[in-house]
Amino acid sequence: MAVFFDVSEIFQFAIRIEENGESFYRKVAEKSSEKEVNDLFTFLADEEARHKKIFEDMVGRIANYEPSETYPGEYFQYLKSYADTLVFPPEIERELETAGGVVKALDFGIRRELDSIMYYLETKDIVPETQHKIMDKIIDEERSHFVRLSKMKERFAKE
């Protein structure tokens, strides 16, 4: 299997996913008048912040990697921009202001948790074996986030 990314790139992207997830969940929590929704999204935001710290620690244990670039920071700016636009696109915030915004936010969170699970499953074989248990733990936590969001959506969809 050809490796196109350095391990640190995998973690840098994961850090950005977690940053964007935390930001999204905090915004939903702030806008929600439902205590149960607010509590869930605050919990998820805190979890994303914790995951970010784990990935930052993983990056800190890896030797510096400098991809070939036209200008310094070009490649990592690309990864950041990619994560910003495809993982948590800005237009989702506008959806929160519309009718059914809570269900839309829950749907969006569910899709993003699934995307995160898939990303971490796909990249697990690329990271050092010594970090597989940590990746497995994060994957399990993302799965539990998916379940919690799904249960909440089921409840709100019935209302």
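The values are calculated or read from the model by the stated rules, or taken from the named source; none is laboratory data. This is a predicted model, so every value here is computed, not measured. Cβ placement follows ideal geometry from the backbone for every residue including glycine, while neighbour counts extend to all protein chains displayed.
Tabulated values for the structure
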item	result
Candidate set from segment 104-138 (those that are of a type in the set (A, V, I, L, M) and surrounded by fewer than 17 Cβ atoms within 10 Å (Cβ to Cβ)); member that is modelled with the highest pLDDT	114
Meets criteria (more than 16 Å from residue 41 (Cβ to Cβ), modelled with pLDDT of 90 or more and of a type in the set (Lys, Arg)) for residue 143	yes
Residue count for segment 102-123, restricted to those that are touching an Asp or Glu at 6+ places or on another chain (Cβ under 6 Å) and within 14 Å of residue 27 (Cβ to Cβ)	1
Any hit, segment 137-146, residues being closer than 17 Å to residue 38 by Cα, among the charged types (D, E, K, R) and touching a residue at least 60 places away in the same chain (Cβ under 8 Å)	no
Single unsatisfied condition, residue 6 versus (1) within 11 Å of the chain's Cα centre (by Cα); (2) acidic (Asp, Glu); (3) modelled with pLDDT under 75	(1)
Every pair of residues 6+ apart whose Cβ atoms lie under 6 Å, when the first sits in segment 22-45 and is surrounded by fewer than 18 Cβ atoms within 10 Å (Cβ to Cβ) while the second is at pLDDT below 85	31/96; 38/32
Single residue of 84, 46 found to be modelled with pLDDT under 85, part of a helix (DSSP H, G or I), farther than 18 Å from residue 123 by Cα and under 13 Å from the mean Cα position of the chain (by Cα)	84
